[in-house]
Structure formats: structure tokens, C-alpha cells
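First up is the structure itself, then whatever we jot down about it.
The values are calculated or read from the model by the stated rules, or taken from the named source; none is laboratory data. On a predicted model such as this, the values are computed, not experimentally measured, just so you know. Because the Cβ atoms are built from the backbone with ideal geometry, glycine has one as well, and the counts that use them run over all protein chains shown.
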Amino acid sequence: MHRKTRFKHSIKRCVVASGLIAGGEYAHADFLADSNVNLEARNLYFSRDFRQDGGSLASGQSKAQEWGQGFVLRADSGYTDGLVGMGIDAIGMLGLKLDSSKAVAGTGLFPTAGDGKAEDEYTKLGLTAKAKVSKSTIKFGSLIFRNQLLLSPDGRLLPQMFKGGMAEFNEISNLSIQAARISSSMSSQSGHWQKLVANRFGGEGDSYTFYGADYKVQPASTIGLHYGALDNVFKQYVANASHVIKLNESQTLKLDTRFSKSSEDGNYRPIDNKAAGLMATYRINAHSVGFGYQKMIGDDPFPYVANTDPYLTNFIQINDFGNINEKSWQTRYDLDFAAYGIPGLGLMARYVKGDDVKLSGGGTGREWERDTDVSYAFQGNLKNLSVRVRNATVRSTFGNDLNEYRIIIQYMLPLL
């Protein structure tokens, strides 16, 4: 099917899905008034240059370089009136290959065919039924998570989705309680549902279950406790706390602490990992300076669901610094140019160094990563347009040495 035709069909299916209830006898003003439809267009150029002799340790390529155009249409309804409000959300996505070849495929922007070439296009469609009682919601269908246990990555052309059900209870002031059961995932570069797999361990689980609670102790202080388990692979407890200290009108100090304990679930092989992290960020006017420390304890690396972002202090653009016994330090600097008369322009630079990595063949390893990120959100009539340039440099005694660039042009268009 032609690309334009496929895109039109994706939009049509989302719009129709979001209007299913609105056309029935249960349609109410809140359902329509609180509905919104947005289209996101993302153009992304990705280049990763492998610097070590022999190229990538996984593929042998000297370079992975691709360019694509993504579209994400989100249609979220409001809720019907009554004790139990009902609604439905829909999301349709289309990824188009603009430039690639077999020699430089593998950036994670597109699915790869059996011959090693990137597919010309791929689509995703998700529907979510939802219900609301008082301040609590229940959802079933396609879900996108950003919490301590499942973080859907959004650094490629299209975001990752999960299939399952979740509930969030907000009946007690300042307390949020969550629960979910996930059966499968659709990774960023795929249009098909797949079973859940543990990163680094390879164990496959039939489902992932998590429970958790976050409590706002004060307006500037939050604590959280969460539990998650990939069925018959691993289970994990995560505790976190953050606090912002206001020093004066122009200065603050933010402290973010994270701790997790992971072990095997069921009859899977023994897993032993504890991860501790602390990030302290000092802000004065437009400048922020941060220092972080992270430590892995135990006989195994940090486990998490593959193709998601791990909840670690030193997880950055490429590395997570979660290898066996690894300890790592981070320094970070942010600058908001609005204070200098250029609103919308921002700069971020950070450096993380890890060492004492226990290697499977014996001995220890070390690695470092340096990232820079320059972004600009246009003002005025172009306020929905943004441009971001990201660079990463990685050097390792046991992994890939690489230089990476990403250029992202993004436009958000409200349709309803």
C-alpha cells in the first residue's frame, strides 16, 4: 500500500476509534468537551560511528546511519457522566524510512527484514478502554508508562507501547497508588506485539506485574516504593525519595535518591543485584550543576525489561552503568538561555565515568560517556516546533567505542 494511503488509514482508524462512544447513547458533554486529538510529526537523523577495530561488537558494522519520519496521532476522550465514567483512547503511529541501506542499518529507527535491510515503513495502532470512579482510573489495552519500573523509551522515531491493564488510585490527598499487569510489548522499532524479555539475562516471561505508591510529603518532597516482577525471571523492589531545598529566591538544591533490590522469580537462575544512586543538583538562576553517584552490589548486573529505560541515576543517552559491581560518577551542567534573552534555547552537558566492572572472563573493566544536548523550542507562531541536536561519545575497555549524533525536528499539531 502507498505510504500516503497507509498514513491516511492510520489517522482514520484512530479518529473513528475515539468516536465510538461519542456516537452512542452514553455520549455526554464531558466526554466531548474533555476530548483532545493531537498529531506529532518527528523527523530524526541518527548516526553512530563505531571507533574500535572490527566495528560493532554485535554486527561488525563500522557505522549505523539512518534517517526517518514518524507520525504519532493521539486521540483521548473525556469521560461520560455518572458514578462510573467511561472513555476510550486511541493512538496510531507511522514510521517512514527516508534514508538507509543494508550496510548502515540497525539504528533502532526501523524494523529490519530477513535480508538485513530496514523496512520502508511500519505502523502501530493501540486502543485503550478506560473507566473513572471519583479520582481513580482503570485502563485496559495499549499503555505507555513512565514510572520507576517501566519507562517507555521515546528516543527513537516512535515510542514503545505495552499491552495490559493498569489502575491508579488517588483518593487520599498527596498519595498515588498504582497497579498493573502487562502481557506484551511493542518496541520502538517494531509494529508487532512481542513477549517480555529481561535485558542482559535473556529470560522470557509471560507477564510483568507491578505495584507501587508515591506520596508527596511536602510540596517539594516525594517518596515512593514499588515492586515489579517479570514472571519466572526476576523480581525487584525500588525505593526513591526526592527533596528540593529552597536556599533563597534564586537558588535551590535538589536531592534525588534511588535504591533497588533484585532477585530471581520462580525457578529462574539465581539473580543477585542491589543498586544505589544519589543525584544532587544545585541551581542558581539559569545555571544548574549536578553531581551523581551510582553503585551496583551483588553477583549480577541490574535487571530490567528489555527495550525499556532503566530507573537508574546514571542511565543516560547510551549506557546505564549497571554492570556487575560497577560504580560510576556523573557531573552535569544545564543552562537556560531565557535569562539571556533567548527563550526556548537550552544546553545540557554531562559526563559519567564507571569502573570496577567485573568481567565474565576475569579482571575488571571501565567505561565513560560524554553527552551534549542543544535544544530550541520556537516562539510565537512556531511555538509547537522544536529542534534538538544530541551528541554522545563512549569509550570502554569491554564494550563498543562509539560517537553518536541525533538531530530531531519535532512539530506538535493540536487537531481538537
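Counting only strands (runs of 3 or more DSSP E) that sit wholly inside region 297-416, those with at least 2 residues that are modelled with pLDDT of 95 or more and within 29 Å of Phe71 (Cβ to Cβ) are 345-358, 364-377, 385-396, 402-414.
Going through region 47-82 one residue at a time, which ones are of a type in the set (S, T, N, Q) and under 24 Å from Leu402 (Cα atoms)? Can you show your working first?
Of all residues in region 47-82, those of a type in the set (S, T, N, Q) come to 47, 52, 56, 59, 61-62, 65, 69, 77, 80.
Hits for region 47-82 are Ser47, Gln52, Ser56, Ser59, Gln61, Ser62, Gln65.
The selection criterion, being over 18 Å from the mean Cα position of the chain (by Cα) and more than 26 Å from Val389 (Cβ to Cβ), does not hold for Gly106. In contact with a Leu (Cβ under 8 Å, 6 or more places away or on another chain) and not in a strand (DSSP E or B): does that describe Asp256? Answer is no for this residue.
Okay, residues lined up against (1) of a type in the set (Gly, Ala, Ser); (2) surrounded by fewer than 20 Cβ atoms within 10 Å (Cβ to Cβ); (3) out of contact with any Pro (no Cβ under 9 Å at 6 or more places or on another chain); (4) within 30 Å of Ala241 (Cβ to Cβ):
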{"residue": "Glu119", "(1), (2), (3), (4)": "no, yes, no, no"}
{"residue": "Gly126", "(1), (2), (3), (4)": "yes, no, yes, no"}
{"residue": "Ala129", "(1), (2), (3), (4)": "yes, yes, yes, no"}
{"residue": "Ser136", "(1), (2), (3), (4)": "yes, yes, yes, yes"}
{"residue": "Leu150", "(1), (2), (3), (4)": "no, no, yes, yes"}
{"residue": "Asp154", "(1), (2), (3), (4)": "no, yes, yes, yes"}
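Scan region 219-230 and give yes if some residue there is buried (at least 16 other Cβ atoms within 10 Å of the Cβ) and under 23 Å from Arg332 (Cβ atoms), otherwise no. Yes, region 219-230 contains at least one residue that is buried (at least 16 other Cβ atoms within 10 Å of the Cβ) and under 23 Å from Arg332 (Cβ atoms). Restricting attention to region 142-161, the residues being in a strand (DSSP E or B) and closer than 16 Å to His192 by Cβ number 2. Quick check, is Gly54 more than 18 Å from Leu158 (Cα to Cα) and assigned to a loop (DSSP other than H, G, I, E, B)? Here the answer is yes, as Gly54 does meet what is asked. Only one of the numbered conditions (1) surrounded by 22 or more Cβ atoms within 10 Å (Cβ to Cβ); (2) under 30 Å from Glu369 (Cβ atoms); (3) of a type in the set (A, V, I, L, M) is not met by Ile91, and that is (2).
Suppose the filter is of a type in the set (Gly, Ala, Ser), buried (at least 16 other Cβ atoms within 10 Å of the Cβ) and without any contact (Cβ under 8 Å) to a residue 60 or more places away in the chain; does Ser386 pass it? It is true that Ser386 is of a type in the set (Gly, Ala, Ser), buried (at least 16 other Cβ atoms within 10 Å of the Cβ) and without any contact (Cβ under 8 Å) to a residue 60 or more places away in the chain. Residue pairs whose Cβ atoms lie under 6 Å apart, sitting 6 or more positions apart in sequence or on different chains, and linking a residue in region 248-277 that is modelled with pLDDT of 95 or more to a partner that is among the aromatic types (Phe, Trp, Tyr) and not in a strand (DSSP E or B), are Asn273/Phe302; Ala275/Phe302.
Do we have any residue at all in region 63-76 that's farther than 20 Å from Asp120 by Cα and assigned to a loop (DSSP other than H, G, I, E, B)? Even if it seems obvious, please write down each step before you answer.
Taking region 63-76 first, the residues farther than 20 Å from Asp120 by Cα are 74-76.
Filter once more, keeping what is assigned to a loop (DSSP other than H, G, I, E, B): none.
There is no residue in region 63-76 that is farther than 20 Å from Asp120 by Cα and assigned to a loop (DSSP other than H, G, I, E, B).
Counting the residues of region 171-187 that are closer than 17 Å to Tyr211 by Cβ, among the polar types (S, T, N, Q) and in a loop (DSSP other than H, G, I, E, B) gives 0.
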